[in-house]
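Okay, so here's the structure we're looking at.
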Amino acid sequence: MNEAPAEEKPNGHRRHLLVRFGDALATFVVALTFLGGFVSHGYADEGWARVLAWMACGTLGCWAVIGYALGRWSGPRMASARWFLALLGVAALLATMQTIPLPADIVQKISPVWRGITESFQSAGIPVPDKLTLAVAPEKAWLSLRQLIAAMLFFAGVILLATHRATAMALIVFVSCVSMLEGFFGLFNYLIAEAYRASGSVYNANHYAVIVIIGLPLYFTGLMEWKRHSEMMSEDILGGRNPLLIFIGLGIIAGLGWITSLSRSSVIVTTIVVGILAMMEAAHWTQRDKGATSRSVANVLIGSVIALMLLFVGSLFFQGVLDRIFSGDAMSGNSRVRIWRASLQGLRESNYLGVGIGGSEFSINRFADYPLVTEPIWSHSDVLQWLCDLGVPACLILAVILFFFGRSFLQGLKSRAERSSWNHRRMHRAALAGVAIALLHAALDFHLRIPQVGFMVLTLVALTLQPGIFKVTQKADS
């Protein structure tokens, strides 16, 4: 009767040490992955940095498999994570199916776009291959597929880190530091190198803006928590002993770097998300301290201020946004509407089966009627491109999985709200705001296909799904 506990204790201790060591190693790998993005334009460049990043994702995936063997994927707290991982896995499977070689005559029958291509081959005297894939650009399909698999492996490893307080705090620091450093780098280029728009370590100013802004809510909220729980940080800011003012100043500098990106859509999306977040915070404050009448008045005032902010921002960027959507940039005709219309034309030409992951560029080249000076890149809408790449049937399958993920996520939010206070969920709301900014902006751009941005967004998603981010504040209060 007394021997069983003595037998289980060493095994439990070894398992605990293995988990601690594995989490420490995985945390180090995540840090290196984020750092490597600064030397490879966010991993947009092919080269040694991207190879090392994919090896890092493989390492995180191996740790996820070990975690599964240790039982870390069981339990209700991992339900949303399992659905999200299933979403990525099924997307990769569906994309893989489009790269399977099929007899050319079958592909020509089910894909009008391939029928048109093969007819062009025949008229030019070029022999038609015996086998074709549903993906019209197999090379791009395999490149995008490898990136999707890497994202799945990265998330599988990071989600385990987000369960514990120490590793979740490390992830918060990583995301905040990447955003801050990117903002400093972009502002330096803007001021010293006299760039027209700040772009930081990535090529595109809009992608740079996303990298900076999605981490800043977490950064400033972290400073608030630090001030609440640290004896040194709780002192008077202007007293000379509190370094909080320095950290706030650094955040403002990074914010200035974001503004110099001149990303119109980023400013508008961020204003909306941050405005809603501010209203939620103010509504809770008035409900707790002022009563229902004052709360209603405060909500009206806050809503009016946010509406005025949106009108002001709209007056600054309205014409520029309209030009970008309908007319395009000067000399290029690179309008969003033209790109979207061409992408949808490619979807129709594929019998709504999709042109293959990463293949919308083929449709844009074929149907957008670009001037010669323009080189199209992607569909400038991640949501639309997933539809055009994978096709309607595949996206319907993903929509079902997304529904179950959303239901599980909302159930988790409700359960967490019943078990923790509003203050304990502040960091969680900041991470959720970063995810919301990235996803809303993705409707007008393709930054989720930039690996560095994808890694940051997946880390934020992991933080919103797991309890580690709540333990950061709960531990401080205990």
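Every number here is computed from the coordinates shown, using simple stated rules; none is lab data. Bear in mind that the values here come from a model prediction, so they are computed numbers and not experimental data. Positions of Cβ are backbone-derived with ideal geometry, glycine not excepted, and every protein chain shown enters the neighbour counts.
So here's what we get for this one:
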item: In sequence order, calculated HN-Hα J values of region 48-54 (Karplus, 6.51, -1.76, 1.60; Hz; x Gly/Pro); result: 5, 5, 5, 4, 5, 5, 5
item: For PHE220, PHE455, order by how many other beta-carbon atoms lie within 10 Å, fewest first; result: PHE220, PHE455
item: 16 Å cut-off, amide nitrogen to a point 7 angstrom out along LEU410 Cα→Cβ, residues in region 76-105; result: 80
item: Förster-model FRET efficiency, 51 Å R0, ARG20 and ASP105, C-beta, rounded to 0.05; result: 0.30
item: Overall form of region 112-231 per C-alpha gyration tensor (a/c, 1.5; a/b vs b/c); result: oblate
item: Amide H contacts under 5 Å for LEU132, placed H, 5+ residues apart; result: LEU102, ALA104
item: Computed over region 1-103: relative contact order in percent, which uses C-alpha pairs under 8 Å that are six or more apart; result: 19
item: Cβ-derived FRET efficiency at R0 35 Å, LEU396 paired with VAL65, nearest 0.05; result: 0.70
item: Protection proxy ranking, peptides 344-356, 131-143, average beta carbon neighbours within 10 Å, highest first; result: 344-356, 131-143
item: Spin-label proximity, ARG419 to region 41-75 - amide N less than 17 Å from point 7 Å beyond Cα toward beta carbon; result: 72-75
item: Mean Cα-pair separation over length for region 416-478, i.e. relative contact order, pairs under 8 Å, 6 or more apart, %; result: 44
item: Phi to ³J(HN,Hα) by Karplus 6.51 cos²θ - 1.76 cosθ + 1.60 over region 151-161, Hz, x for Gly, Pro; result: 4, 5, 5, 4, 5, 4, x, 5, 4, 6, 5
item: Theoretical FRET efficiency, 1/(1+(r/R0)^6), r = Cβ-Cβ of LEU250 and PHE28, R0 25 Å, to 0.05; result: 0.50
